[in-house]
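The block underneath contains the structure these notes are about, expressed in structure tokens.
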Amino acid sequence: MSGVLELSGIAVRFGGNEVLKGVDLSVGPGFTGLIGPNGAGKTTVFNVVTGYVRPTGGTVTIGGERIPAGRPAAVARKGVRRTFQTPRLVAELSVEANVLVGLDAGASTLADYLGLSRAAREARARVRELLEAFGLAERAAEPVGNLPLGSQKIVEVARALAPRPRVVLLDEPAAGLSAADVTRMVEPLSRIGEREELSILIIEHDLELVARLCPRIAALHFGRILAEGTPAEVVAHPDVVEAYLGAGVAAVDT
Ligand SMILES: Nc1ncnc2c1ncn2[C@@H]1O[C@H](COP(=O)(O)OP(=O)(O)OP(=O)(O)O)[C@@H](O)[C@H]1O
Ligand SMILES: [Mg+2]
């Protein structure tokens, strides 16, 4: 038990459907991958950590402190941020405003409203730094809804990084992206992640990308962790191979 984020015995049931059946997972600094066929319960793991789904059993700790179940604001205060499988941005707001939202830098004084306070200046500088890192600075003023999906997903990652979180949960960030967009997202993310000592848990179906990014991965299937270890170990694990074949996914390639 040495991870920044620790899940222990997490169980979730929706009606009669046992979606997570005692999930243990340890997420340390750097990238950790979470793989598994459709419907395995991966997004539900994120919903539990972020407090949107209250587990029927188990505990979540961040930095050794237990997180109260079902309290999204409390989790956010512990420095946890996420992205969504389908981007959730405010389409008519600018790219810059959407990233600024991630900072939760609520204007509370006139100086804040006018952008004159130190907090407002720092918030803007942080947003600018991220937009530059992700190659989005020229589009900062455009409504985010005008951007193609790949860029929107990159904006979501920038928004998650904005408040310098400790833990970032990325739900299929590369899904639907071109190889060029994946590079535009992943290179700055890796750089910033290392510099800011982030612990990043990434759900991703692109196993080649997962293997490239993540020294450790865990495979989830029907709400149970089937295997964890290096990518080579996990994708070669007989239960993992069977889960993927059984789910109709092409054989796992190392
Ligand atoms: N809020 C909910 N209410 C009822 N059932 C749910 C809810 N959220 C998820 N489920 C069910 O839980 C199971 C796991 O869903 P989840 O979204 O966690 O899977 P996933 O591994 O993220 O799949 P995918 O790869 O398709 O995104 C599915 O059967 C899903 O229908
Ligand atoms: Mg999902």
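The values are calculated or read from the model by the stated rules, or taken from the named source; none is laboratory data. Just so you know, these numbers come straight off a predicted model, no measurement behind them. Counting neighbours? That spans all protein chains shown, and the Cβs are built from the backbone with ideal geometry, glycine included. The accessibility values were calculated without ligands, DNA or RNA, using every heavy atom of the protein model including side chains. Shrake-Rupley method; radii C 1.70, N 1.55, O 1.52, S 1.80 Å.
For the chain, a simple Cβ point-charge model (Lys and Arg +1, Asp and Glu -1, everything else neutral) yields a dipole of about 880 debye relative to the Cα centre.
Accessible surface of Leu131, taken over heavy atoms with a 1.4 Å probe and every protein chain present, rounds to 0 Å². For the chain, carbon and sulfur atoms together expose 52% of the accessible surface, with a 1.4 angstrom probe and every protein chain in place.
In a fully extended conformation the segment linking Leu93 and Ala125 would gain 9.7 nm over its present Cα-Cα distance, using 0.36 nm per residue. Projecting label points 7 angstrom from Cα along Cα→Cβ for Arg164 and Arg191 puts them 1.9 nm apart. The residues of the chain present an accessible area of 47 Å² per residue when probed at 1.4 Å with all protein chains retained.
Label point of His205 set 7 angstrom out along Cα-Cβ; within region 124-149, no amide nitrogen lies under 15 Å from it. Its residue count N sets the reference 2.2 N^0.38 Å, and the alpha-carbon radius of gyration of the chain equals 1.03 times that reference. With a ≥ b ≥ c taken as the square roots of the eigenvalues of the C-alpha gyration tensor of region 126-201, please select rounded if a/c is under 1.5 and otherwise prolate if a/b is larger than b/c or oblate if it is not? It is oblate, given that a/c is not under 1.5 and a/b is not larger than b/c. In region 56-207, a dipole from Cβ-located charges (positive for Lys and Arg, negative for Asp and Glu) runs towards its positive end, and of Ile67, Ala97, Val144 it is Ile67 whose Cα lies farthest in that direction. Helices of the chain meeting both criteria, an alpha-carbon length of 15 angstrom or more along the long axis and an average Kyte-Doolittle score not below -1.0, with helices taken as full DSSP H segments, are 118-133, 149-161, 179-195. From helices alone, the chain scores -11000 deg cm²/dmol at 222 nm; the rule is -39500 (n - 2.57) for each run of n ≥ 4 DSSP H residues, then divide by the residue total. The packing ranking of peptides 25-33, 66-74, highest mean first, is 25-33, 66-74, where packing means the average number of other beta carbon atoms within 10 angstrom of each residue.
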